[in-house]
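Take a look at the structure set out below.
Readers should treat all values here as calculations from the given coordinates under stated rules, not as data from a laboratory. Only a predicted model underlies this, so the values are computations on that prediction, with no experimental measurement involved. Neighbour counts are summed over all protein chains in view; Cβ atoms, including those assigned to glycine, are modelled from backbone coordinates with ideal geometry.
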Amino acid sequence: MSTSSEYAYTGPDALREVIDRALQQVVDPEVAMNIVDVGLVYAIVVEVDNIHVTMTMTSAACPVADVIMDDVQSELEVALPAQFGVEVELVWEPAWSTERMSERAKTFMGW
């Protein structure tokens, strides 16, 4: 199974691709790219009945942080079995940098 994710993942292999596809549906409107390619997702931990997402924004002043976090929650709730609760945690350490971007994102941005 192949995903484009560069985030840490702990959980069943069977859910990894489902989660990755759901996260790729969430777009950071400021850069018009999905949050996986932008590198905003740091880690996913799947437990018995809960998914914990650790993520960041490109800057602490991001005006659409709430929208992006709500979209992550919504996409995962739709993609995953109903037994799973979804927690989205916003962190600032480590700070996001352009090094977290996928090659596709860097090409899109002309870097």
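Length gained on full extension, A43 to E103: 19.7 nm, using 0.36 nm per residue less the C-alpha separation.
Restricting the GluC sites (Glu not before Pro) of the range 34-93 to loop positions (DSSP other than H, G, I, E, B) with no more than 14 neighbouring Cβ atoms within 10 Å leaves E47.
Between D13 and V31, the contour length at 0.36 nm per residue exceeds the alpha carbon distance by 3.5 nm. List the residues of the range 84-111 whose backbone N lies under 20 Å from a point placed 7 Å from the Cα of V64 along the Cα-to-Cβ direction. Counting backbone N atoms under 20 Å from the label point, the list is 88-92, 96-111.
When W96, W111 are sorted by how many other C-beta atoms sit within 10 angstrom of their C-beta, beginning with the fewest, the order is W111, W96. Of the residues T98, I44, V18, the one whose Cα sits farthest towards the positive end of the charge dipole of the chain is T98 (charges of +1 on Lys and Arg Cβ, -1 on Asp and Glu Cβ, taken about the Cα centre). Counting neighbouring beta carbons within 10 Å and listing from fewest to most, the residues V38, V72, V91, V48 come out as V48, V91, V72, V38. Would you please classify the overall shape of the range 8-97 from the alpha carbon gyration tensor, given that a ≥ b ≥ c denote the square roots of the eigenvalues, rounded means a/c under 1.5, and beyond that prolate means a/b larger than b/c while oblate covers the rest? It is prolate, given that a/c is not under 1.5 and a/b is the larger ratio. Using just its DSSP H runs of length 4 or more, each adding -39500 (n - 2.57), the chain gives a mean residue ellipticity at 222 nm of -9000 deg cm²/dmol after division by all residues.
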